[in-house]
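The values are calculated or read from the model by the stated rules, or taken from the named source; none is laboratory data. Values in this document were obtained by computation on a predicted structure and should not be read as measured data. Neighbour counts are summed over all protein chains in view; Cβ atoms, including those assigned to glycine, are modelled from backbone coordinates with ideal geometry. All accessible areas refer to the heavy atoms of the entire protein, side chains included, with ligands and DNA or RNA removed. Shrake-Rupley method; radii C 1.70, N 1.55, O 1.52, S 1.80 Å.
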Amino acid sequence: MSPTLREPPSAEPAPAVGRRRTGVHGARHGGRSERVVRAVMHAAAAEIARAGYAALRVEDVAARAGVNKTTIYRRWPTKAELVKATLRSFSDGSQAPPDTGALRLDLLELVRRFVAVASTPEGQGIYRMLLAELHVPEVEALARALREERLAPWREVLERGVARGELPPGTDLDLLVEMIRGVVTNRLFRLRGPVDAGALESIVDVVVLGAKAGGALRRGPAAPGAP
């Protein structure tokens, strides 16, 4: 259960005009403000898992976090902003990309990070909400807005692999990311099967070996009448 933080309405003064603090970045490291943000993020993730996006209520998040509703609205004026901050706080793309000098090892580290985040109760709830409500325009917009942040470490690792000659120029890097993350997501949330170290290595090896052989090169549309 998330930590309970009780505060009177005046415990957290409003930021100075023109310098409104928002989200995790507005919290002083190690201070009470950071603890409040952390409690709200965990509470929001739990409520997302319980109710989904459409039925999510800021009042329920505040009650679960043990803070005043106004505390949440000062940092995240809308539900969409609160959910976006929550998704970002539980994203596997927040760390610097690994740089072991080998593409295979870098990809294994990235996929392990992904599984570690997606396997937490909060991560599971968020991913299930995204899968179930991606047809909702607001959810689709949130997912699209965070996609670039989430994929940036993967692209950097793959671009280094191309530069080192581990992948041929013209490789569709986004396709490789989709293949790795898509298979792992399918196992975690649809098949609900085990995703152990051996399975992760096999997934990465299949994708990397196929890409090295030119299987992921970008191809133009087929000519009319071509087989």
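Taking a cut-off of 22 Å between Cα atoms, list the lysines near Lys69, but don't count ones fewer than 8 places away on the same chain.
Lys79, Lys84
Amide H neighbours of Leu217 under 5 Å, counting only residues 5+ apart in sequence or on other chains, H built in-plane at 1.01 Å?
For Leu217, the qualifying residues are Asp172.
About its Cα centre, what dipole magnitude does the stretch 58-117 give when the only charges are +1 on Lys and Arg Cβ and -1 on Asp and Glu Cβ, stated in debye to the nearest 20?
It comes to approximately 260 debye.
What Kirkwood hydrodynamic radius do you get for the stretch 71-227 when you take the inverse of the mean 1/r over all pairs of distinct Cα atoms, in Å?
On the way: mean 1/r = 0.0583 Å⁻¹.
Mean inverse Cα-Cα distance, inverted, gives 17.2 Å.
Under the 0.36 nm per residue contour assumption, what length would be gained going from the current alpha-carbon distance of Ala80 and Gln95 to full extension?
Value of the extension gain: 3.0 nm.
How much of the accessible area of the stretch 124-227, in percent, comes from carbon and sulfur atoms when a 1.4 Å probe is used?
Of all accessible area on the stretch 124-227, carbon and sulfur atoms account for 59 percent.
Per residue, how large is the accessible surface of the stretch 80-119? Use a 1.4 angstrom probe and give square angstrom. Intermediate results must be reported in sequence, preceding the final value.
Numbers: 1570 Å² over 40 residues.
That works out to 39 Å² for each residue.
Please compute the per residue accessible area over the stretch 138-195 with all protein chains in place, 1.4 Å probe, rounded to a whole number of Å².
Numbers: 2990 Å² over 58 residues.
Heavy-atom SASA per residue in the stretch 138-195 reads 51 Å².
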